[in-house]
Structure formats: C-alpha cells, structure tokens
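Novice: Before anything else, here's the structure in question.
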Amino acid sequence: MSDRENLRDLIDQLAIQRGEFTLASGAKASYYIDCRKVTLDSMGAHLIGKLIYEKLAEHEFPQAVGGMAIGADPITGAVVAHAGSERKQLSGFIVRKEEKNHGTGKMVEGPISEGQASVILEDVVTTGGSSLRAIQLAQEAGLKIRKIICIVDRLAGGREAFEEMGLGFESLFTIEDFGLANQ
C-alpha cells in the first residue's frame with residue numbers, strides 16, 4: 001500500500017467517530033474527525049510529515065510552516081522534522097489562541113522572521129474559521145502566507161473562504177475519501 005493509503009486507513013481507524021457532535025464552527029455533525037489521535041501517533045506523524053512535505057516540494061518551497069495551537073502543533077513538528085531528514089531548511093511556528101501576559105507576549109512563536117513565505121497547516125478544515133484567524137495573526141507577525149494545507153477537508157466552505165482571500169488550498173483527503181460526504 002502507498003503512504004497515502006496507509007494514512008487514510010489510520011485516520012479511518014483512529015480518528016473518525018460517529019455520533020452527534022458540535023464542531024468548532026458551531027455546526028452539528030453526525031461524525032467527528034479527531035486527527036490528534038493520528039498526528040500524535042508515531043506512524044501517523046511520520047506519514048503526515050512526509051505527505052505534507054511532498055505537497056510543499058511540488059511548488060515553490062516555503063520558508064516556514066505552522067498554524068493554530070494546539071491542532072497544528074504536532075503537524076508542524078512532523079513536517080519540520082521530515083524536512084530536516086531531507087536536509088531541507090524549514091522553520092515552524094505556533095499561533096497562540098490568546099495572548100499571554102508574560103515573556104515576550106507574542107501571538108506567533110518560532111524561529112521566524114518578517115517576510116518569510118509561509119504555509120498554514122491544519123488538521124481538519126470545515127468553514128476555515130480557525131485557519132483564517134491563524135492567517136490573520138501570522139500576517140500581523142509579518143509572515144507572507146501563500147496557502148493552507150490540511151489533513152482532511154470537510155467540504156464545508158473552507159476552500160472557498162481561502163480562495164476569496166487569494167490563497168491556495170490543498171488537502172491530503174476530503175470526507176469523500178472516508179465515505180462521509182452525505183452524512
């Protein structure tokens with residue numbers, strides 16, 4: 001099996017839960033995709049890091065990747081680690097959900113500098129709200145956001161929200177890959 005097929009099976013086995021859920025967007029859903037169960041698994045992290053790295057390498061390679069804490073943190077770590085194993089320089093960053101009142105007080109943390117070409121990483125995209133907030137804060141920190149890459153796209157308006165901003169969007173999977181499109 002390919003790495004993509006192995007990751008798809010791992011997400012199907014570990015991350016997809018059925019029932020009644022309220023999503024971060026406020027929408028109700030009959031399933032929930034808890035990608036942390038995959039991003040924090042050794043094989044899942046390895047596959048995610050490799051597959052997202054390959055997507056980054058298809059285009060002009062960015063200088064930094066990151067996203068909203070806490071969901072994007074293990075994804076960022078996996079991608080940065082894989083880049084290092086390929087001897088490719090790539091910085092990671094974390095976007096805080098709220099301002100801290102000690103230390104530097106920065107909303108965006110990491111070895112980054114103003115003007116760096118960057119990609120926002122996300123586990124699951126629904127309407128794109130979390131990523132839109134991460135984009136705003138990363139831009140305020142001086143990063144030049146090129147696109148968003150997520151693990152699973154719920155096909156619920158996120159892509160359109162990013163495209164309205166003139167940003168590219170890619171996903172490793174959509175809910176169609178798991179037979180969830182009509183649920």
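Novice: Out of everything in region 69-107 that is at pLDDT below 95 and closer than 20 Å to V125 by Cβ, what residue ends up being most open to solvent (accessible area, probe 1.4 Å)? Walk me through it before giving the result.
Specialist: The first filter runs over region 69-107 and keeps only residues at pLDDT below 95, leaving 69-71, 96-107.
Filter again for closer than 20 Å to V125 by Cβ, leaving 69-71, 96-97.
Working: A69: 24, I70: 107, G71: 14, R96: 67, K97: 133 Å².
Checking each candidate, the answer is K97.
Novice: Sticking with this one: Name the strands (runs of 3 or more DSSP E) wholly inside region 7-113 in which the number of residues that are within 13 Å of the chain's Cα centre (by Cα) is 2 or more. Give the derivation first.
Specialist: On the way: elements: 16-22, 28-33, 64-68, 91-95.
Where strands (runs of 3 or more DSSP E) fall fully within region 7-113 and carry at least 2 residues being within 13 Å of the chain's Cα centre (by Cα), they are 64-68, 91-95.
Novice: A follow-up question, please. Would it be correct to say that A78 is closer than 23 Å to L51 by Cβ and either of a type in the set (G, A, S) or free of Cβ contacts under 8 Å to residues at least 60 places away in the same chain (or both)?
Specialist: Taking the combined requirement at face value, the residue satisfies it.
Novice: Right, another one. For residues that are open to solvent by less than 20 Å² (accessible area, probe 1.4 Å) and farther than 22 Å from A27 by Cβ, tally how many sit in region 153-166.
Specialist: Residues flagged as open to solvent by less than 20 Å² (accessible area, probe 1.4 Å) and farther than 22 Å from A27 by Cβ within region 153-166 amount to 0.
Novice: Could you list, ordered by first residue, the pairs with Cβ atoms under 6 Å in which the first is in region 170-183 and buried (at least 17 other Cβ atoms within 10 Å of the Cβ) and the second is at pLDDT below 95 and part of a loop (DSSP other than H, G, I, E, B), at least 6 apart or interchain?
Specialist: I175/R154; I175/L155; I175/A181
Novice: Suppose we filter Y32, Y53 for residues that are in contact with a strand residue (DSSP E or B) (Cβ under 9 Å, 6 or more places away or on another chain) and either surrounded by fewer than 16 Cβ atoms within 10 Å (Cβ to Cβ) or not acidic (D, E) (or both); which single one remains? Show your work before the answer.
Specialist: Numbers: Y53 fails: in contact with a strand residue (DSSP E or B) (Cβ under 9 Å, 6 or more places away or on another chain).
Among Y32, Y53, only Y32 is in contact with a strand residue (DSSP E or B) (Cβ under 9 Å, 6 or more places away or on another chain) and either surrounded by fewer than 16 Cβ atoms within 10 Å (Cβ to Cβ) or not acidic (D, E) (or both).
Novice: Residues of region 130-152 being open to solvent by 40 Å² or more (accessible area, probe 1.4 Å) and either in contact with an Asp or Glu (Cβ under 8 Å, 6 or more places away or on another chain) or touching a residue at least 12 places away in the same chain (Cβ under 8 Å) (or both), which ones? Walk me through how you get there before you give the answer.
Specialist: Here is the first cut: in region 130-152, the residues open to solvent by 40 Å² or more (accessible area, probe 1.4 Å) are 130, 132-133, 136, 139-141, 144, 146.
Matches in region 130-152: S130, L132, R133, E140, A141, K144, R146.
Novice: Just wondering, is there one or more residues in region 110-125 that are free of Cβ contacts under 8 Å to residues at least 60 places away in the same chain, open to solvent by 40 Å² or more (accessible area, probe 1.4 Å) and among the charged types (D, E, K, R)?
Specialist: The answer is yes, given that some residue of region 110-125 is free of Cβ contacts under 8 Å to residues at least 60 places away in the same chain, open to solvent by 40 Å² or more (accessible area, probe 1.4 Å) and among the charged types (D, E, K, R).
The values are calculated or read from the model by the stated rules, or taken from the named source; none is laboratory data. This is a predicted model, so every value here is computed, not measured. For neighbour counting, all protein chains shown are included, and Cβ atoms are generated from backbone atoms with ideal geometry for every residue, glycine included. To get the accessible areas, we keep the full protein, side chains included, count just its heavy atoms, and leave off ligands, DNA and RNA. Shrake-Rupley method; radii C 1.70, N 1.55, O 1.52, S 1.80 Å.
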